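K.L.:
Below is one structure. I have some questions about it.
The values are calculated or read from the model by the stated rules, or taken from the named source; none is laboratory data. Bear in mind the structure is a predicted one, so any value in this text is a computation, not a measurement. FYI the Cβ positions are ideal-geometry reconstructions off the backbone, even for glycines, and counts take in every protein chain you see.
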Ligand code: ADP
Ligand code: MG
């Protein structure tokens with residue numbers, strides 16, 4: 001009797017592996033015992049197991065999408081201080097986390113000074129998209145331009161463009177720092193126009209639109225790029241000074257205010273030094 005049971009278990013494991021149901025395989029005995037104790041029928045048992053498998057599968061694929069997006073750092077909206085950045089409309093950001101802009105192939109532009117949270121917001125929104133099942137890739141714009149130029153030299157540009165075309169959302173971080181090489185600007189423009197109405201873009205830049213000609217090198221290219229980027233797009237301005245600078249200043253104020261500015265406490269003087277070097 002015992003050997004028959006063991007044989008069934010071995011076969012069951014084998015079939016579940018062949019069917020690629022790892023969670024069912026891992027959980028079937030535990031859930032079976034639980035269902036027996038709770039008087040759950042066979043269909044209820046099957047349902048519980050399949051629900052577990054589905055949940056795990058979603059979790060695994062969200063993890064795969066996050067890895068494939070290649071975020072330089074992981075940022076979330078929970079850690080974004082909206083009070084410190086009043087020009088950023090929290091309602092709009094919350095709406096964007098629903099990812100309807102991706103379904104509508106709309107773009108998001110984040111414009112503001114360095115350190116004002118553009119990359120933070122771009123990463124957090126793109127991570128939300130990963131969690132919701134969209135295919136995402138994050139690039140520093142300079143990195144994308146270098147990759148495009150290398151791919152062109154190695155005759156793999158078509159393959160790279162094919163990979164980009166499969167994305168639902170492409171993040172181009174720090175557009176302002178692109179060196180104005182003519183080839184680079186043309187290749188970047190090509191990516192932006194291919195994405196137009198097919199793939200959503202989140203673009204961050206510390207340059208106001210008037211200065212984009214400096215990045216792209218030509219007025220014609222700048223006009224055409226802005227035309228495609230800003231047609232059906234949300235513009236979020238992160239107005240003000242760097243968050244770290246702001247944060248350091250407010251910490252300094254908090255620490256020094258009650259004790260006066262004697263600076264006797266070593267930790268109290270730290271943020272001041274930080275703030276001065278950032279300036
Ligand atoms: P930018 O891309 O505009 O140059 P970042 O998004 O890289 O700025 O922000 C610089 C640092 O400050 C990051 O560590 C980021 O997480 C943090 N930061 C910026 N703005 C905020 C904010 N409003 N709340 C919390 N952290 C912020
Ligand atoms: Mg940035």
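K.L.:
Which one of 116, 97 is surrounded by fewer than 19 Cβ atoms within 10 Å (Cβ to Cβ), in contact with a helix residue (DSSP H, G or I) (Cβ under 9 Å, 6 or more places away or on another chain) and at pLDDT 95 or above?
P.N.:
97
K.L.:
Another one. So which residues in the range 71-85 are touching a helix residue (DSSP H, G or I) at 6+ places or on another chain (Cβ under 6 Å) and more than 8 Å from ligand 1 (Cβ to nearest atom), if there are any at all?
P.N.:
Passing the criteria: 71, 76, 77.
K.L.:
For a quick check of your reading of the model, give me the residue pairs whose first member lies in the range 60-76 and is within 18 Å of residue 172 (Cβ to Cβ), whose second is in a helix (DSSP H, G or I) and more than 16 Å from ligand 1 (Cβ to nearest atom), with beta-carbon atoms closer than 9 Å and at least 6 apart or on different chains.
P.N.:
Close Cβ pairs satisfying both conditions: 68/130; 69/129; 69/130; 71/130.
K.L.:
Something else: Scan 229, 207, 187 and give me the residue that is within 16 Å of ligand 2 (Cβ to nearest atom) and either over 20 Å from residue 87 (Cα atoms) or in contact (Cβ under 8 Å) with a residue 60 or more places away in the chain (or both).
P.N.:
The match here is 207.
K.L.:
Taking residue 111, is it assigned by TED's automatic domain parsing to the domain that holds residue 170 and farther than 16 Å from residue 172 by Cα?
P.N.:
Against the criterion (assigned by TED's automatic domain parsing to the domain that holds residue 170 and farther than 16 Å from residue 172 by Cα), residue 111 does not qualify.
K.L.:
Would you be able to tell me the number of residues in the range 112-150 that are more than 10 Å from ligand 1 (Cβ to nearest atom) and within 28 Å of residue 61 (Cα to Cα)? I'd like the intermediate steps shown before the answer.
P.N.:
Going residue by residue through the range 112-150, those that are more than 10 Å from ligand 1 (Cβ to nearest atom) are 125-150.
In the following step, the residues that additionally are within 28 Å of residue 61 (Cα to Cα) were identified as 125-141, 143-144, 147-148.
Summing the residues that are more than 10 Å from ligand 1 (Cβ to nearest atom) and within 28 Å of residue 61 (Cα to Cα) in the range 112-150 gives 21.
K.L.:
Then there's this: Residue 177 fails exactly one of the following numbered conditions: (1) touching a residue at least 40 places away in the same chain (Cβ under 8 Å); (2) surrounded by fewer than 16 Cβ atoms within 10 Å (Cβ to Cβ); (3) within 15 Å of ligand 2 (Cβ to nearest atom). What is the number of that condition?
P.N.:
Every listed condition holds for residue 177 apart from (1).
K.L.:
For the range 138-169, which positions are more than 16 Å from ligand 2 (Cβ to nearest atom) and in contact with a strand residue (DSSP E or B) (Cβ under 6 Å, 6 or more places away or on another chain)?
P.N.:
Across the range 138-169, the qualifying residues are 167, 169.
K.L.:
Which of the residues that make up the range 14-43 are surrounded by 13 or more Cβ atoms within 10 Å (Cβ to Cβ) and within 30 Å of residue 133 (Cα to Cα)?
P.N.:
Result: 16, 21, 22, 23, 24, 25, 26, 27, 28, 31.
K.L.:
In addition: Taking the range 202-214, which residues are within 16 Å of ligand 1 (Cβ to nearest atom) and crowded, with 18+ Cβ neighbours inside 10 Å?
P.N.:
The answer is 202, 203, 204, 205, 206.
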